[in-house]
Amino acid sequence: QVQLVESGGGLVQAGGSLRLSCAASGSIFSINIMGWYRQAPGKQRDLVAAITSDGSTNYADSVKGRFTISRDNARNTVSLQMNSLKPEDTAVYYCNAHIRRIAAPWFNNYWGQGTQVTVSS
């Protein structure tokens, strides 16, 4: 069994900051890519940022220069520092990880339960 547990969402005014964290636990052998997605009401779930196990990062154009993704491989955690937040950043944010379980020959895709981020104007 593998779980991703997120924390850190909430309500913030435009221009403010929030930090999201996600911890993976369970029978984990290794984790490849970890990332954050978001889904606003009536819209599809889109990639916000991702990071590989060696630290390579990828960001959506809309968050470049404002958001920073990081991970701690020893703790199986990934974080998203969000600065200069805008109302259009309002969404449910989901943690995602490609995880190979112990005794499993392949990687599977796992999701957290989601955490609400609301940015007021």
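The values are calculated or read from the model by the stated rules, or taken from the named source; none is laboratory data. Source: prediction; values computed, not measured. Here Cβ is always computed from backbone atoms with ideal geometry, including for glycine, and neighbour counts include all displayed protein chains. Heavy atoms of the whole protein, side chains included, go into the accessibility calculation; ligands, DNA and RNA do not. Shrake-Rupley method; radii C 1.70, N 1.55, O 1.52, S 1.80 Å.
Some notes on this structure:
- Checking the stretch 64-76 against the condition returns a match, with at least one residue being open to solvent by 40 Å² or more (accessible area, probe 1.4 Å), touching a residue at least 40 places away in the same chain (Cβ under 8 Å) and out of contact with any Ser or Thr (no Cβ under 9 Å at 6 or more places or on another chain).
- Here residue 103 clears all of (1) open to solvent by less than 60 Å² (accessible area, probe 1.4 Å); (2) part of a loop (DSSP other than H, G, I, E, B) except the condition numbered (1).
- Under the condition of being within 14 Å of residue 98 (Cα to Cα) and touching a strand residue (DSSP E or B) at 6+ places or on another chain (Cβ under 6 Å), the residues counted in the stretch 54-77 number 3.
- Screening residue 108 with (1) assigned to a strand (DSSP E or B); (2) closer than 19 Å to residue 7 by Cβ gives one miss only, at (2).
- Hits in the stretch 106-121 - residues which are within 10 Å of the chain's Cα centre (by Cα) and open to solvent by 70 Å² or more (accessible area, probe 1.4 Å): 111
- Taking the stretch 24-50 as the range and being hydrophobic (A, V, I, L, M, F, W, C) and open to solvent by 40 Å² or more (accessible area, probe 1.4 Å) as the test, the residues that pass are 29, 33, 47.
- Remark: pairs (first residue in the stretch 27-55, under 23 Å from residue 106 (Cβ atoms) and part of a loop (DSSP other than H, G, I, E, B); second residue of a type in the set (A, V, I, L, M, F, W, C) and open to solvent by less than 60 Å² (accessible area, probe 1.4 Å); Cβ separation under 6 Å; 6+ apart in sequence or on different chains) = 52/33.
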